[in-house]
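Inspection log for the structure reproduced underneath, given as structure tokens.
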Amino acid sequence: MKISKIIPYPVKVGIRNQLLVKVETDEGIFGWGESGLSGREKAVIGAIEHFSEWLVGKPAFQIGSLWQELYRSQYFEGGRVLVAAISAIDIALHDIKGKALQVPVYELLGGKQRDFILTFATTSAPPGPEMIDQAKQLVEAGWNAMRLSPSGHGSKDLYEPREHVAESAKWCIKAREQLGEKVVLGIDYHHRLTVAESASFCQKMPRGTLDFIEEPIRDECPSAYHALRKLTDIPFAIGEEFASKWQFQPYVEEDILQFARIDVCNVGGLTESMKVAGCCESHYIDMMPHNPLGPVCTAATIHFAAAIANFSWLETRASPVEQYLGFDDSEIFLEQPRLNGAVLPITSTPGLGITIDEKRLQHQAFEFWEAPHLRRRDGSITNW
Ligand SMILES: [Mg+2]
């Protein structure tokens, strides 16, 4: 079975663009993948178009070999844009192989290790009484793990990190008091702080308030996390932006991260995800996958999570307190993963278990989008 065509579909679904990729074969079987760069999708499409020049005609089953060829067969290998393209192609090839062999993708990854996939949810309200009400609603609906957002998180222009630290810490403390000891509670800081600001935030809370802090600082400098570790004992959840096993490597080998926020659509697809999971398993680190994209990402991540030993929770952005997409996508994604309470079932449909109305997809326009360019009060740029 040979690859015959690769079609990128950049489409706006609800509040954000998705970059879906269809890989076709000469035997009529096709697969779907998704790319997770989350912005600047046209750069990724350029990479996909380049790859398709020589991928057409290649054997669709040789996924591992094609991954090596895609990643290594250029002098300046890797990088987030190229690997976002590789990720989508790799996921689509797994979909094809599963469909061709009439097995769900998790069978290609070693088989199922669990019966369902636990998820964690995110409160959508800013720190305050409504956030705590939402957290309680999540507990009532069956979630035992959840994530809060810091104060000022929704700002589209002005963001002065220091101004939000005390407010965020205050409401984390109140949330823990109200929710009790059993709920797993975290916060996602979207890498908006410095080491000093992160330390101030963490040190304002009694020990045990948070079970994890996600990306307090940027990830380019692992030793900055070592510095932060000396200033707090809250477990770190890091990794959604990593685009290879080599980016995970110092974080795993030096025991910096405690939860691996892997994104199958950014790290290099299922092929690379399984290797990262193996590295993490050797350090007793659980995978806690990033999943704010579309149903193809969710489906691929379910198969990944089903097939590994070291898994905690999969991010879900659909819950009684958050409908992140703000859009009913069921007329586009006819068959897609659906939450059953706080868990995602593992279906045995061959391939990923995704059915897309391609005609409808063709009418779903792409919309240029640039992430907010946040500025501090003095006019300087700060992280979004
Ligand atoms: Mg995050």
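The values are calculated or read from the model by the stated rules, or taken from the named source; none is laboratory data. These numbers were taken from a predicted model, which means no experiment stands behind them. Please note: Cβ atoms are built from the backbone with ideal geometry, for glycine as well, and neighbour counts cover all protein chains shown.
Pairs only if they're at least six apart or on different chains, beta carbon under 6 angstrom, first in the stretch 193-219 and under 22 Å from Phe242 (Cβ atoms), second within 16 Å of the ligand (Cβ to nearest atom) and among the polar types (S, T, N, Q); list them, first residue then second. These pairs meet every condition: Pro216/Ser198; Ile217/Ser198. Among the residues of the stretch 147-160, which ones are in contact (Cβ under 8 Å) with a residue 60 or more places away in the chain and closer than 14 Å to Ile187 by Cβ? The one that is in contact (Cβ under 8 Å) with a residue 60 or more places away in the chain and closer than 14 Å to Ile187 by Cβ: Arg147. From the list Asp357, Asp328, the lone residue that is farther than 30 Å from Glu160 by Cα and in contact (Cβ under 8 Å) with a residue 12 or more places away in the chain is Asp357. Take Ile132 and tell me if it is modelled with pLDDT of 95 or more, crowded, with 16+ Cβ neighbours inside 10 Å and within 22 Å of the chain's Cα centre (by Cα). Here the answer is no, as Ile132 does not meet what is asked. For the stretch 83-106, residues that are surrounded by fewer than 24 Cβ atoms within 10 Å (Cβ to Cβ) and either more than 12 Å from Leu352 (Cβ to Cβ) or modelled with pLDDT under 95 (or both) total 3. For the stretch 96-113, residues that are of a type in the set (D, E, K, R), part of a helix (DSSP H, G or I) and touching a residue at least 12 places away in the same chain (Cβ under 8 Å) total 2. When you scan the stretch 202-226, how many residues do you find that are outside any loop (DSSP other than H, G, I, E, B), more than 18 Å from the chain's Cα centre (by Cα), within 16 Å of the ligand (Cβ to nearest atom) and aliphatic (A, V, I, L, M)? So the answer is 0.
Among the residues of the stretch 299-317, those identified as of a type outside the set (Gly, Ala, Ser), away from the ligand (no atom under 16 Å from the Cβ) and either outside any loop (DSSP other than H, G, I, E, B) or assigned by TED's automatic domain parsing to the domain that holds Ala85 (or both) are Ile302, His303, Phe304, Phe311.
This table checks each residue for (1) touching a Lys or Arg at 6+ places or on another chain (Cβ under 6 Å); (2) in a helix (DSSP H, G or I); (3) not basic (Lys, Arg).
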| residue | (1), (2), (3) |
| --- | --- |
| Pro8 | no, no, yes |
| Lys12 | no, no, no |
| Gln18 | no, no, yes |
| Lys22 | no, no, no |
| Gly31 | no, no, yes |
| Gly39 | no, no, yes |
| Ile45 | no, yes, yes |
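Quick check on the stretch 325-343. Is at least one of its residues part of a loop (DSSP other than H, G, I, E, B) and within 16 Å of the ligand (Cβ to nearest atom)? There is no residue in the stretch 325-343 that is part of a loop (DSSP other than H, G, I, E, B) and within 16 Å of the ligand (Cβ to nearest atom). When you scan the stretch 186-195, do you find a residue that is away from the ligand (no atom under 16 Å from the Cβ) and part of a helix (DSSP H, G or I), even just one? Yes, that holds for at least one residue.
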